[in-house]
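Laboratory data are not the source of any read-out in this text; all were calculated from the coordinates shown. All values reported here derive from a predicted model rather than from experimental measurement. Here Cβ is always computed from backbone atoms with ideal geometry, including for glycine, and neighbour counts include all displayed protein chains.
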Ligand SMILES: Cc1cc2nc3c(=O)[nH]c(=O)nc-3n(C[C@H](O)[C@H](O)[C@H](O)COP(=O)(O)O)c2cc1C
């Protein structure tokens, strides 16, 4: 399997990093593009350098490199995840701007009718954000806001992050065993 990972400048750079680590362990080939604000947030929010993040990928492309392979539908990939996905990148993808390699690659994924998963991160949401998400969802995009779950009793921030990461790769049909899954509960109904 071959997946494009786009990282944009919303908070939650760690989500893209953990996704890259998990996909590497799952032997998935990753092609990465990192926006300038994502790079800034990697440095600000995490203990990783941008270089260390890039080393997790099989291929890395420049944000402005619209001549890169992932800019064309003839380059075969199985899908794309944007993690985290800022509201600016969400808007650009929805409007088909293709003004940088991340949004161009997403545009190609949409035109080729392949799997696009957006970890949209903002709160609260205004009508613009919601309209963009609804429009893209109706085009077949998976809108997967990185919302924490508590039913699996997370005890660390890493537990919260990994739950989102496992739910994201579930969307690609990659069902990893460490994921704590809901087994049902005994409740009075
Ligand atoms: C520390 C930090 C956190 C941010 N968090 C968010 C966020 O959660 N969601 C969002 O839409 N934008 C967020 N932004 C703003 C984006 O980085 C900004 O809109 C930028 O233009 C996005 O560009 P990009 O999508 O090309 O990376 C944040 C910016 C900074 C510096």
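A few points about this structure:
- With the highest mean first, a sort of the peptides 160-167, 173-180, 80-87, 20-27 on other beta-carbon atoms found within 10 angstrom per residue produces 80-87, 160-167, 20-27, 173-180.
- The radius of gyration of the Cα set in the stretch 12-82, together with its Dmax, comes out at 12.2, 36 angstrom.
- The chain: angle of helix 13-25 to the longest principal axis, Cα-based, in degrees nearest 10: 90 degrees
- Prolate/oblate/rounded label for the stretch 41-151 (Cα gyration tensor, a/c 1.5): oblate
- Cα-based helix-to-principal-axis angle, 101-111 vs the chain, degrees rounded to 10: 80 degrees
- Helix content alone sets the calculated 222 nm mean residue ellipticity of the chain: runs of n ≥ 4 DSSP H residues at -39500 (n - 2.57) each, divided across all residues, give -12000 deg cm²/dmol.
- Residue exposure sequence - 158, 127 - by fewest surrounding Cβ within 10 Å: 127, 158
- Span from the the stretch 72-145 Cα centroid across to the the stretch 151-166 one, whole angstrom: 24 Å
- Label reach from residue 182 (point 7 Å along Cα→C-beta): in the stretch 117-152, amide nitrogens under 17 Å belong to 144-152.
- By the count of other C-beta atoms within 10 Å, a proxy for reagent exposure, 63, 48 are ordered fewest to most as 48, 63.
- Globularity index of the stretch 46-102, i.e. its alpha-carbon radius of gyration over 2.2 N^0.38 Å: 1.25
- Remark: C-alpha extents of the stretch 98-189 on the principal axes read 49, 31, 29 Å, sorted largest to smallest.
- When each of 99, 107 is scored by the number of other beta-carbon atoms lying within 10 Å, the sequence from fewest to most is 99, 107.
- Here the chain is described by how far its Cα atoms reach on the three principal axes: 57, 36, 31 Å, from widest to narrowest.
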